[in-house]
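Asker: This structure is in structure tokens; I'll ask about it shortly.
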Amino acid sequence: MSGGGGVGELPRKEASVLKGHEGAVLAARFNADGNYCLSCGKDRTIRLWNPHRGILIKTYKAHGREVRDVHCTQDNSKLSSCGGDRQVFYWDVATGRVIRKFRGHDSEIIDTFLDSVMSVSLTKSEIIAGSVDGTIRTFDIRIGREISDDLGQPVNCIALSNDGNCILASCLDSTLRLLDRSTGELLQEYKGHTCKSYKMDCLLTNNDACVTGGSEDGIIFFWDLVDASVVTSFRAHASVVTSVSYHPTDSCMISASVDGTIRVWKT
């Protein structure tokens with residue numbers, strides 16, 4: 001893995017502000033090709049935007065409580081969402097109709113944790129889950145095997161590196177931790193932000209050069225992947241940065257906040 005990349009190449013210039021949610025925005029995600037993004041929040045809605053033109057395209061309503069996360073399928077035709085009503089919704093993007101609802105969670109997986117599962121990530125053959133009990137567990141779907149890594153601190157978000165070799169975990173002791181996926185070895189720790197009581201995203205930039213994440217004081221941080229130095233940090237929001245999502249190919253990022261806005265960042 002190689003670090004590097006100058007500050008000038010990082011997206012820290014505000015290109016647009018997406019407004020429409022009433023109350024906190026809990027997640028914002030680019031779609032597979034980065035042309036659109038989805039957001040969801042306390043107002044029980046999901047919204048589809050063109051972030052590059054600053055336009056709201058569609059609003060999806062069916063959840064009975066706050067919507068905590070949303071993801072689009074690779075072909076952009078469907079989306080899935082989950083929220084405080086303990087249901088996973090599966091939507092048709094074009095019509096805005098709910099195709100299916102899945103009630104509750106897979107108890108077989110969840111039972112192995114001592115506390116709430118806060119974040120899941122999928123590979124072709126594995127489900128990776130991070131929990132408030134301080135563990136990251138990997139379930140191999142093909143052979144039914146489970147591997148557990150104990151970080152000793154509550155995990156509120158996990159993300160995979162683009163090369164698939166590492167797991168980045170945001171912990172509630174205001175530290176991001178990078179683990180080797182094959183060995184579970186702790187490779188690096190990233191500090192400087194505040195993360196004590198909110199679920200906040202973390203991720204690696206699309207070239208795996210930097211780690212980025214938000215802070216409870218509204219600041220976004222970029223760290224060098226290898227030496228963990230703060231490459232740059234800037235005030236992005238008036239309140240907690242709940243979510244960050246990086247464009248799949250371009251130097252562009254979106255962030256969401258308790259302040260009710262989604263912001264688009266470019267170089």
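Asker: Return the total of residues in the stretch 129-161 being modelled with pLDDT of 90 or more, surrounded by fewer than 20 Cβ atoms within 10 Å (Cβ to Cβ) and aliphatic (A, V, I, L, M).
Answerer: Selection size over the stretch 129-161: 1.
Asker: What are the residues in the stretch 126-158 that are among the aliphatic types (A, V, I, L, M) and either under 15 Å from Asp173 (Cα atoms) or not in a loop (DSSP other than H, G, I, E, B) (or both), if any?
Answerer: Ile127, Ile128, Ala129, Val132, Ile136, Ile147, Leu151, Val155, Ile158
Asker: Right, next: Would you mind stating whether Tyr90 is assigned to a strand (DSSP E or B) and surrounded by 16 or more Cβ atoms within 10 Å (Cβ to Cβ)?
Answerer: no
Asker: Name the pairs whose Cβ atoms lie under 6 Å apart, with the first residue in the stretch 151-163 and more than 13 Å from Val211 (Cα to Cα), the second open to solvent by 20 Å² or more (accessible area, probe 1.4 Å) and assigned to a loop (DSSP other than H, G, I, E, B), and 6 or more positions between them or separate chains?
Answerer: Gln153/Asp173; Pro154/Val132; Pro154/Leu172; Asn156/Leu172; Asn156/Lys199
Asker: Moving to a separate point now. Restricting attention to the stretch 98-125, and to residues there that are of a type outside the set (Gly, Ala, Ser), at pLDDT 75 or above and outside any strand (DSSP E or B), which single residue is surrounded by the most Cβ atoms within 10 Å (Cβ to Cβ)?
Answerer: Thr123
Asker: May I ask you to list the residues in the stretch 6-48 that are more than 25 Å from Val211 (Cα to Cα) and among the hydrophobic types (A, V, I, L, M, F, W, C)?
Answerer: Once the filter is applied, which keeps residues that are more than 25 Å from Val211 (Cα to Cα) and among the hydrophobic types (A, V, I, L, M, F, W, C), the stretch 6-48 yields Ile46, Leu48.
Asker: So which strands (runs of 3 or more DSSP E) are wholly in the stretch 1-87 and hold at least 1 residues that are surrounded by fewer than 16 Cβ atoms within 10 Å (Cβ to Cβ) and hydrophobic (A, V, I, L, M, F, W, C)?
Answerer: 13-18, 55-61
Asker: Checking the structure you have, find out if any residue of the stretch 142-165 is of a type in the set (D, E, K, R) and under 22 Å from Ser39 (Cβ atoms).
Answerer: No.
Asker: Within the stretch 184-232, track down each residue that is open to solvent by 50 Å² or more (accessible area, probe 1.4 Å), under 14 Å from Ser161 (Cβ atoms) and β-branched (Val, Ile, Thr).
Answerer: Matches in the stretch 184-232: Val226 only.
Asker: Scan the stretch 162-183 residue by residue and report those that are outside any strand (DSSP E or B), open to solvent by less than 40 Å² (accessible area, probe 1.4 Å) and among the polar types (S, T, N, Q).
Answerer: Matches in the stretch 162-183: Ser174 only.
Asker: A further question follows. Which of the residues that make up the stretch 235-244 are open to solvent by 10 Å² or more (accessible area, probe 1.4 Å) and of a type in the set (S, T, N, Q)?
Answerer: Across the stretch 235-244, the qualifying residue is only Ser239.
The values are calculated or read from the model by the stated rules, or taken from the named source; none is laboratory data. Keep in mind that what you see is a predicted model, and the values were worked out from it rather than measured. Every residue, glycine among them, receives a Cβ derived from its backbone with ideal geometry; neighbour counts consider all protein chains shown. SASA here: full protein model, heavy atoms, side chains in, ligands and nucleic acids out. Shrake-Rupley method; radii C 1.70, N 1.55, O 1.52, S 1.80 Å.
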